[in-house]
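Encoded as structure tokens, the structure appears first; notes follow it.
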Amino acid sequence: MKALIFAAGLGTRLRPLTESKPKALVLVNNKPMLEWVILRLIQFDIKEIIINVHHFADQIIDFVNSKNRFGIKIEISHEKELLDTGGGLKKAAWFFEGEKELLIHNADILSDIDLKKMYIQHLEQKADATLAIRKRKTNRYLLFNSSHQLRGWRSIKEKQTLWAAEPEINVTERSFCGIHIFSTKLLQKLNSQDAFPIIPEYLRLAGQNKIMGFDTSAFNWLDLGKKENIDEVLKIFPTNYFLQIESVIKK
């Protein structure tokens, strides 16, 4: 399976750190967060990755080249205009020609989620997409039924709920973790616009497609897009976690 890393964001929540560098190159335990994600993907035997870039794009390109592309195939999808997550996926679609599934991973997510287990569930459930989710307090939730199938979306701040089909009573609120497995057959069903977010597309597609959730509550997870969370990394992830990830490049 090939992977797409979203690294084009402006990193506004990390200012002033991102005033001179892209969010993906902000250091986390002495390495750019992008490097940890790439090494994690290699750890799960992913050898072909495409990275979307925009904000300080040249810095990311130079960094990847300085690492000899980590010994795997890494391509760049350069967005002159920000295309958001949905548009970014569409622009990079050429990279996945001939593939049945792809893994999508935000550059600012650190976790020990078992990606192999997530992929196996995706295949066993014959899902069209599988989203890593967890119980976590946030302003926006995805709504899943008892079969862990996406049925709706809820904004607490805006007091708004949207449904994939008919409203349902027995749903569970879960937050999205920025990691998902996407079946390439959905690519032709995506929004025709150039720039758009992927989550509303999942909700739209969930009416007639199988969009599933993968529960990550048993794993550690952290959104590195917030400065306060970067300061918490070593409190959540033990030193051995980083040593194991680093070891994959030394094999």
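The values are calculated or read from the model by the stated rules, or taken from the named source; none is laboratory data. For clarity, every value in this text was computed on a predicted model and none was experimentally measured. Quick reminder, even Gly has a Cβ in these numbers, built from the backbone with ideal geometry, and neighbours come from all protein chains shown.
The table that follows gives values for the structure above.
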quantity: Within segment 98-131, tally of residues that are assigned by TED's automatic domain parsing to the domain that holds Asn29, of a type in the set (Asp, Glu) and without any contact (Cβ under 8 Å) to a residue 24 or more places away in the chain; calculated: 0
quantity: Selection within segment 209-230 - modelled with pLDDT of 95 or more and of a type in the set (Val, Ile, Thr); calculated: Ile211, Thr216
quantity: Filtered residues of segment 162-190 (kept if free of Cβ contacts under 8 Å to residues at least 12 places away in the same chain and among the charged types (D, E, K, R)); calculated: Glu166
quantity: Wholly within segment 38-113, strands (runs of 3 or more DSSP E) carrying at least 3 residues that are in contact with a Ser or Thr (Cβ under 6 Å, 6 or more places away or on another chain) and closer than 18 Å to Ala129 by Cβ; calculated: none
quantity: Extreme residue, farthest from Lys2 (Cα to Cα), among residues of segment 48-77 that are small (Gly, Ala, Ser) and under 19 Å from the mean Cα position of the chain (by Cα); calculated: Ala57
quantity: Verdict on Thr172 being surrounded by fewer than 20 Cβ atoms within 10 Å (Cβ to Cβ), of a type outside the set (A, V, I, L, M), under 29 Å from Ala57 (Cβ atoms) and modelled with pLDDT of 95 or more; calculated: no
quantity: So Glu158, is it at pLDDT 95 or above and more than 29 Å from Glu99 (Cβ to Cβ); calculated: no
